[in-house]
1. Do the conditions hold for L116, that is, is it part of a helix (DSSP H, G or I) and in contact (Cβ under 8 Å) with a residue 12 or more places away in the chain?
2. Look through segment 188-216, keep the residues that are of a type in the set (A, V, I, L, M), modelled with pLDDT of 95 or more and outside any helix (DSSP H, G or I), and return whichever of them is surrounded by the fewest Cβ atoms within 10 Å (Cβ to Cβ).
3. Restricting attention to segment 22-45, report how many residues are part of a strand (DSSP E or B) and under 14 Å from the mean Cα position of the chain (by Cα).
4. Just checking, does segment 1-11 include any residue being part of a loop (DSSP other than H, G, I, E, B), in contact with a helix residue (DSSP H, G or I) (Cβ under 9 Å, 6 or more places away or on another chain), within 25 Å of P188 (Cα to Cα) and free of Cβ contacts under 8 Å to residues at least 24 places away in the same chain?
5. Quick test for you: out of A238, A228, pick the one residue that is modelled with pLDDT of 95 or more, under 21 Å from E173 (Cβ atoms) and surrounded by fewer than 17 Cβ atoms within 10 Å (Cβ to Cβ).
6. Could you tell me which residue of segment 85-98 is farthest from H174 (Cα to Cα), considering only residues that are crowded, with 21+ Cβ neighbours inside 10 Å and not small (G, A, S)?
7. Which residue, of S77, S73, is part of a loop (DSSP other than H, G, I, E, B) and either under 17 Å from the mean Cα position of the chain (by Cα) or among the acidic types (D, E) (or both)?
Amino acid sequence: MHPLMMGSLSWIEYQQRLQEEDAIVLLPCGALEQHGPHLPLGTDALISTSVAQGIAEQINGIVAPTVSYGYKSQPKSGGGQHFPGTTSLDGNSLSQLVRDVIRELARQGATKIVVLNGHYENQWFLTEGIDLAVRDVGNASALQVMRVEYWDFLTPDILDKVFPDGFPGFALEHAAVMETSLMMHFHPKLVRLNLIPDVPPSEFPLYDMFPQCSEWVHASGVLSSAKAANVEKGELMANHVITGISEAVRQAFQVKVSVSTMMK
């Protein structure tokens, strides 16, 4: 039994956790999407779950099971839908899934929920699901939901350390230095360093085309090189993001929670 993971608790243990003062439930959201030849398909879900676990340890939170499928991969931020293994949801499906989960958590007694996004394309569909769930439970409910993208907490000083030659932007960081370094920190056995392709940053036109243009994307699926990734950068970013989001959660929900001393 892991006291921070909802899926490992009995219903009685979970009920007791929800009844604690300032109980906060974290819902990690990711995707099943290609991340080049060197990272696993589940990278977005793995990172968001690991970040959520780190936050839960700092705020004594509860981590709900991860939403492991995300919105459709786009060429300019995820390589596109043409890669085998990339298994995506329609936007409405993702919104309705998140809506249902939040509504169920609220029905059980959760009043403070953090939706932690780890997949670039998910953002507005998660927002729609949250908005619908809040509307469903009504104004009389005490429910509050926070949506956060973990990468937004990478401040300029951290980005300067990770990208001394210049930051290419979050969209082009798909399967590149940021995600590879974080995976080296959180899940080193899943990173295949010898398979990292050395590719220049992708260049895209200022428009999108449908059907998607697979020729816009390097055959590896990587949008910029991950050669500069290392575990030290991963640790730096992970610690900074987890600490920053934990503090934001405390401020957003106006709670006073201390670092968990619960058995890990």
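1. Numbers: part of a helix (DSSP H, G or I): no; in contact (Cβ under 8 Å) with a residue 12 or more places away in the chain: yes.
Judged against the criteria, L116 is not a match.
2. Of all residues in segment 188-216, those of a type in the set (A, V, I, L, M) come to 190-191, 193, 195-196, 199, 206, 209.
Narrowing the set further to residues that are modelled with pLDDT of 95 or more leaves 190-191, 193, 195-196.
Then keep just the ones that are outside any helix (DSSP H, G or I); that gives 191, 196.
Working: V191: 25, I196: 22.
Residue satisfying both the conditions and the ranking: I196.
3. From segment 22-45, those part of a strand (DSSP E or B) are 25-29, 32, 35, 39; that's our starting set.
Narrowing further to those that are under 14 Å from the mean Cα position of the chain (by Cα): 26-29, 32.
Number of matching residues: 5.
4. Within segment 1-11, the subset part of a loop (DSSP other than H, G, I, E, B) is 1-4, 9-10.
If we keep only those that are in contact with a helix residue (DSSP H, G or I) (Cβ under 9 Å, 6 or more places away or on another chain) as well, we get 1-4, 9.
Still in the list and also within 25 Å of P188 (Cα to Cα): 1-4.
Next, from what is left, pick out any that are free of Cβ contacts under 8 Å to residues at least 24 places away in the same chain: 1.
Yes - at least one qualifying residue is present in segment 1-11.
5. Values: A238 fails: surrounded by fewer than 17 Cβ atoms within 10 Å (Cβ to Cβ).
After applying the criteria, what remains is A228.
6. The residue in question is V98.
7. On the way: S77 fails: part of a loop (DSSP other than H, G, I, E, B).
Only one candidate qualifies: S73.
Residue-by-condition table, conditions (1) more than 27 Å from Q53 (Cα to Cα); (2) touching a residue at least 40 places away in the same chain (Cβ under 8 Å):
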{"site": "P201", "(1), (2)": "yes, no"}
{"site": "F204", "(1), (2)": "yes, yes"}
{"site": "C213", "(1), (2)": "yes, yes"}
{"site": "I245", "(1), (2)": "no, yes"}
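The values are calculated or read from the model by the stated rules, or taken from the named source; none is laboratory data. A quick note: this is a predicted structure, and the numbers were derived from the prediction, not measured. Neighbour counts are summed over all protein chains in view; Cβ atoms, including those assigned to glycine, are modelled from backbone coordinates with ideal geometry.
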